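K.L.:
I have a structure I would like to understand better, so I am pasting it below and will then ask my questions one at a time.
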Amino acid sequence: MQLWVGLGNPGPKYAMHRHNVGFMACDVMADMHDFGPVQKKFQGWMQEGRIGGERIMLLKPATFMNESGRSVGEAMRFFKLELDAITVFHDELDLAPFKVKVKVGGGHAGHNGLRSIDQHCGADFRRVRLGIGHPGHKDRVHGYVLGNYAKAEMDGLTDMLAAVSAEADWLAKGDNARFMSDVALRMQD
């Protein structure tokens, strides 16, 4: 079994924020792969299903970004999972908009959701980095990350989320390179 976590902030006013792209990825995967109903568990919302023959638990922490690790840690302990069973989908300032990269471990680069998971669980989990681009100056980061996607970005966002969901089988099988390659190919079409 694997635990896939989408990072975001709960509530309708945050729904289309760039910081919530991890939540969006979970929602699209749950829909595309016919996951079960949403359940309130582990200080968040959980859905169970299968991707690529693997049992996947999708978790969206309801703790707000800065406390995401509490929710993830609770689910990890309940299911007796190690860090190699955890995948976190999150926004990434250091990637161009709609680029997708996967890495295992690393720092949090100022991302409070990743920082919280690092503190509660450890750092050696798989990260699916969903590019949102950088606003150009560090003083503008906060407003940019907590701002809504622009209308002009909707097609790119939709295409990226669909590609991530369509190629999620490779993630479930642990083939990060094939996942990234196939997502990139879909994004070129």
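K.L.:
Exactly one of these conditions fails for Gly107: (1) over 24 Å from Glu167 (Cα atoms); (2) surrounded by 23 or more Cβ atoms within 10 Å (Cβ to Cβ). Give me its number.
P.N.:
Gly107 satisfies every listed condition except (2).
K.L.:
State all residues of segment 61-105 that are assigned to a helix (DSSP H, G or I) and over 26 Å from Met180 (Cα atoms); if no residue qualifies, say none.
P.N.:
Once the filter is applied, which keeps residues that are assigned to a helix (DSSP H, G or I) and over 26 Å from Met180 (Cα atoms), segment 61-105 yields Asn66, Glu67, Arg70, Ser71, Gly73, Glu74, Ala75, Arg77, Phe78, Phe79.
K.L.:
Could you please find all residues in segment 137-174 being open to solvent by 60 Å² or more (accessible area, probe 1.4 Å) and in a loop (DSSP other than H, G, I, E, B)?
P.N.:
Matches in segment 137-174: His137, Lys173.
K.L.:
Something else: Tally time: how many residues in segment 21-40 are free of Cβ contacts under 8 Å to residues at least 60 places away in the same chain, crowded, with 16+ Cβ neighbours inside 10 Å and either over 17 Å from Ser68 (Cα atoms) or not aromatic (Phe, Trp, Tyr) (or both)?
P.N.:
Number satisfying all stated conditions: 3.
K.L.:
Which is of a type outside the set (Lys, Arg) and within 16 Å of Arg127 (Cα to Cα), of Val21, Val38, Val28?
P.N.:
The match here is Val21.
K.L.:
Can you find, within segment 123-136, the residue that is nearest to Ala184 (Cα to Cα) among those that are touching a residue at least 12 places away in the same chain (Cβ under 8 Å) and either assigned to a helix (DSSP H, G or I) or open to solvent by 20 Å² or more (accessible area, probe 1.4 Å) (or both)?
P.N.:
Arg129
K.L.:
Restricting to segment 1-13, name every residue that is open to solvent by 50 Å² or more (accessible area, probe 1.4 Å) and farther than 21 Å from Met76 by Cβ.
P.N.:
Hits for segment 1-13 are Pro12, Lys13.
K.L.:
Looking only at segment 41-77, filter to residues that are touching a strand residue (DSSP E or B) at 6+ places or on another chain (Cβ under 9 Å) and among the polar types (S, T, N, Q); which one of those is most open to solvent (accessible area, probe 1.4 Å)?
P.N.:
Looking at residues that are touching a strand residue (DSSP E or B) at 6+ places or on another chain (Cβ under 9 Å) and among the polar types (S, T, N, Q), I get Gln43.
The values are calculated or read from the model by the stated rules, or taken from the named source; none is laboratory data. Please read these numbers as outputs of a predicted model, since none were measured by experiment. Quick reminder, even Gly has a Cβ in these numbers, built from the backbone with ideal geometry, and neighbours come from all protein chains shown. Heavy atoms of the whole protein, side chains included, go into the accessibility calculation; ligands, DNA and RNA do not. Shrake-Rupley method; radii C 1.70, N 1.55, O 1.52, S 1.80 Å.
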